[in-house]
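Report on the structure given below.
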Amino acid sequence: MSGASFCATRPGAPGAGSWSNGDASGSNPLYWDLAASKAGTKKQISYKDAGVDIDEADRAVALIRRHARQTFTQGVLTDIGSFGAGFQISGYKHPVLVSSADGVGTKLKVAFLTGRHDTIGEDLVNHCVNDIAVQGASPLFFLDYFAVGRLNAEVAGQVIGGVARGCQRNGLALIGGETAEMPGLYAAGEYDLAGFIVGATDRKNMLTGAGITAGDVLLGLPSNGLHTNGYSLARRLLFETAGYKATQKLPWDRSLTLADELLKVHRSYLRPIRTLIEHRMLKGAAHITGGGISDNLPRILPRGLAARVDTKSWRVPPIFEHLRKLGNIPEADYRRTFNLGIGMIFVVSRRHLTGAVDLLDRMEEKYYEIGQVIESARSGVTYK
């Protein structure tokens, strides 16, 4: 899909071919004529011989088209196959578009190892949704980028099927993207995946954190595991240092394998965010991704404020403690690498605390009161 269409390849050079590696003969037209003449005596070489299978690409786009159309909302103006994707915005007096782009990181390596590709796309969508929701935006549409050395339509269908499922669950449309087959660029059986999201809000409803003051309360919403961060360290510790297999049962939960734990879907927090915004009880929200609480929470705090977090206010899930012990990870690094069981932090005023937690209770949304905003000359997070 390119825009709302599909493109199977990204050729590596302009025109029909590239110049030789610095050979002076490459600048001689006669050299090219002779080379072309010699090539003409050989067997015919197709695009498929070069590693690009257009027929497999057609099978892949048919699967992708079916998944994408299931996500279309009223704002979608173009079908899959257009050069660009059109979307009509309505319902906003002074609309502000909020956009983000992200990837899944080396969590992809776990998908390759296990052959389980059906959830990785949902990870991607939820991560992107959270990134714009914390600024008060409702997601409108999504585009994906799926790149592979040799295309397997079935795998592509599973990956984009996960993207479409994430879009449906968050109420946004998958209106386009790009599927690129690039021989020689990726290892056999591997691919890359990225996503691009656009949402909207009214200017007056943007969530910037500007109104946060000292004494405001921090509510932590639980994560669903590692989400999409810290996998480079986690994979090294689990598979290289400890020598575990993906099929190994977890010592703290014998009903799950290590693969089950590592492939748990990155949660979407859109519903609780939207609910607290609608009731005007949310002053700020921080998506806890790479950098952990230490780096992400200060991003929404005004100058002169910091956060004090009580680490005993929630139970860190066993996977994180297990990783810490395997690697004897320094405490500061531990807190900046993993979310440690908190995937989202809400900032609410003390006077709205009762109303906010009542709303969360009604949604059956678990939360912890993990600390408060404090006055400080230095922005950051202190732990107790």
Exercise for review: Give the number of residues within region 342-359 that are surrounded by 21 or more Cβ atoms within 10 Å (Cβ to Cβ) and more than 14 Å from Leu218 (Cβ to Cβ).
Suggested key: 0
Revision key, fill the gap. Listed by range, strands (runs of 3 or more DSSP E) wholly within region 226-312 having at least 3 residues that are at pLDDT 95 or above and under 20 Å from Phe346 (Cβ atoms) are 284-287, 305-309
Practice item. Looking for whichever is touching a helix residue (DSSP H, G or I) at 6+ places or on another chain (Cβ under 9 Å) and free of Cβ contacts under 8 Å to residues at least 60 places away in the same chain here; the options are Ala332, Ala306. Which one fits? Key: Ala332
Exercise for review: Hey, can you tell me all the residues within region 208-225 that are at pLDDT 95 or above and aliphatic (A, V, I, L, M)?
Suggested key: Ile212, Ala214, Val217, Leu218, Leu219, Leu221
Revision key, fill the gap. Only one of Arg235, Arg203 is among the basic types (Lys, Arg) and within 27 Å of Asn170 (Cα to Cα), namely Arg203
Practice item. Can you work out which of the residues in region 363-384 that are in contact with a helix residue (DSSP H, G or I) (Cβ under 9 Å, 6 or more places away or on another chain) and over 22 Å from Arg315 (Cβ atoms) is modelled with the lowest pLDDT? Key: Ser379
Exercise for review: Identify, from the list Leu143, Leu124, Leu174, Leu151, the residue that is surrounded by 18 or more Cβ atoms within 10 Å (Cβ to Cβ), over 30 Å from Tyr244 (Cβ atoms) and either in the same structural domain as His266 (by TED's automatic domain parsing) or in contact with a His (Cβ under 9 Å, 6 or more places away or on another chain) (or both).
Suggested key: Leu174
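Considering each residue of region 247-289, count those that are of a type in the set (Phe, Trp, Tyr) and within 18 Å of Lys107 (Cα to Cα), and give that number.
Taking region 247-289 as the starting set, the residues that turn out to be of a type in the set (Phe, Trp, Tyr) are 252, 269.
Next cut, within 18 Å of Lys107 (Cα to Cα) only: none.
Number of matching residues: 0.
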**Study point:** Unmet requirement for Val265, which otherwise passes all of (1) on the phi < 0 side of the Ramachandran plot; (2) over 18 Å from the mean Cα position of the chain (by Cα); (3) not polar (S, T, N, Q)
**Key:** (2)
Check your understanding: Among the residues of region 234-242, is there at least one that is crowded, with 22+ Cβ neighbours inside 10 Å and under 28 Å from Thr114 (Cβ atoms)?
Key -> yes
Point to revise | Filter result for the condition that a residue is of a type in the set (Ser, Thr, Tyr) and within 23 Å of Ile345 (Cβ to Cβ), over Ser138, Ser90, Ser82 | key: Ser138
Exercise for review: Please work out if Ala101 is in contact with a Phe, Trp or Tyr (Cβ under 6 Å, 6 or more places away or on another chain), under 30 Å from Gly189 (Cα atoms) and either surrounded by 12 or more Cβ atoms within 10 Å (Cβ to Cβ) or at pLDDT 70 or above (or both).
Suggested key: yes
Exercise for review: Filter region 360-384 down to the residues that are in contact with a Pro (Cβ under 6 Å, 6 or more places away or on another chain) and charged (D, E, K, R), then identify the one that is surrounded by the fewest Cβ atoms within 10 Å (Cβ to Cβ).
Suggested key: Lys366
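Scan Gly157, Gly211 and give me the residue that is out of contact with any Gly (no Cβ under 7 Å at 6 or more places or on another chain), surrounded by fewer than 22 Cβ atoms within 10 Å (Cβ to Cβ), of a type outside the set (Asp, Glu) and part of a loop (DSSP other than H, G, I, E, B).
Result of the check over Gly157, Gly211: Gly211.
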Review point. Residues in region 149-169: is at least one within 16 Å of the chain's Cα centre (by Cα) and among the acidic types (Asp, Glu)?
Key: no
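The values are calculated or read from the model by the stated rules, or taken from the named source; none is laboratory data. Predicted, not measured: the structure shown is a model, and the values here were computed from it. Heads up, the Cβs are rebuilt from the backbone with ideal geometry, glycines too, and the neighbour counts pull from every protein chain shown.
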